[in-house]
1. Can you name the residue in region 81-95 that is surrounded by fewer than 16 Cβ atoms within 10 Å (Cβ to Cβ) and of a type in the set (D, E, K, R) and, of all such residues, is farthest from residue 35 (Cα to Cα)?
2. Just one of 169, 183, 98 is more than 21 Å from residue 30 (Cβ to Cβ), touching a residue at least 12 places away in the same chain (Cβ under 8 Å) and of a type in the set (Gly, Ala, Ser); which is it?
3. How many of the residues making up region 98-112 are at pLDDT 85 or above and either more than 26 Å from residue 73 (Cβ to Cβ) or out of contact with any Cys (no Cβ under 8 Å at 6 or more places or on another chain) (or both)?
4. Give the number of residues within region 13-44 that are part of a strand (DSSP E or B) and open to solvent by 50 Å² or more (accessible area, probe 1.4 Å).
5. I need the full set of residues from region 119-163 which are of a type in the set (Lys, Arg) and assigned to a helix (DSSP H, G or I), in order please.
6. How many of the residues making up region 150-170 are exposed (fewer than 11 other Cβ atoms within 10 Å of the Cβ) and among the aliphatic types (A, V, I, L, M)?
7. So the check is Cβ under 7 Å with 6+ separation or different chains; which pairs have a first residue in region 9-33 that's more than 16 Å from residue 74 (Cβ to Cβ) and a second one that's in a helix (DSSP H, G or I)?
Amino acid sequence: HNAHFLSAFNLARHARFRKTKCPVVFGVSDNGLSISYPTDGYADYLFTKYAARPKDQHDPSSKVIMDRDGIPIFKANGCDMMDVYDKTFQAVDYSRKSSAPSLILYQEITRRFGHAATDRQHAYLDPSVVDQMAETDVIESGIMQAVEHYGALTYGEAMDRFEEIGVLSRSAFNSAADEPKISTR
């Protein structure tokens with residue numbers, strides 16, 4: 001629960017209250033953990049405890065969740081790339097058209113590794129849970145979805161792209177590492 005985020009979100013809520021233009025989209029990923037303790041659904045509660053309102057006043061069945069200040073909350077399954085794309089597009093479209101804040105809550109995401117390099121998850125999570133988390137791969141899930149469900153590419157094309165991105169990343173890292181460093185202050 002990052003204080004920087006909460007401060008920015010509070011400022012956006014204030015802007016909304018004052019009817020000041022504030023076209024910002026907040027993205028919050030909920031992996032169910034806050035550093036070393038389970039959040040027990042707190043992110044969902046924090047952002048969606050208020051009533052759903054019709055998205056289209058002529059169609060009461062089309063609902064968008066809003067917090068008490070009228071900021072729409074778009075919920076996406078973080079393991080479903082098309083849902084992530086769709087909800088992100090909706091949030092961006094809303095914020096651009098209305099010059100107002102929105103929030104995307106990416107849910108069902110698994111934290112595959114510790115919170116930080118020094119984090120020892122085995123100290124607070126059962127080893128079987130740590131192993132299960134490490135085996136969950138949202139990228140693999142997205143590739144499977146693109147290949148098997150949408151036919152957007154083949155597994156071979158995905159592997160070629162993966163390797164291409166790896167080469168580009170290593171090249172960019174090496175280039176940055178070779179840049180002159182500040183030697184005086």
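The values are calculated or read from the model by the stated rules, or taken from the named source; none is laboratory data. If you're wondering where the values come from, they're calculated on a predicted model, not measured in any experiment. Don't worry about glycine lacking a Cβ; one is built from the backbone with ideal geometry, like all the others, and counts go over all protein chains shown. Ligands, DNA and RNA are excluded from the accessible area calculation, which covers all protein heavy atoms including side chains. Shrake-Rupley method; radii C 1.70, N 1.55, O 1.52, S 1.80 Å.
1. Ranking the candidates gives 93 first.
2. Within the list 169, 183, 98, the selection yields 98.
3. 7
4. Qualifying residue count, region 13-44: 5.
5. Result: 161, single match.
6. 3
7. Correct list of pairs: 22/12; 22/15; 22/16.
Matching residues to (1) in contact with a Pro (Cβ under 8 Å, 6 or more places away or on another chain); (2) at pLDDT 90 or above; (3) among the aliphatic types (A, V, I, L, M):
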{"residue": "114", "(1), (2), (3)": "no, no, no"}
{"residue": "121", "(1), (2), (3)": "no, no, no"}
{"residue": "124", "(1), (2), (3)": "no, no, no"}
{"residue": "130", "(1), (2), (3)": "no, no, yes"}
{"residue": "140", "(1), (2), (3)": "no, no, no"}
{"residue": "158", "(1), (2), (3)": "no, yes, yes"}
{"residue": "166", "(1), (2), (3)": "no, yes, no"}
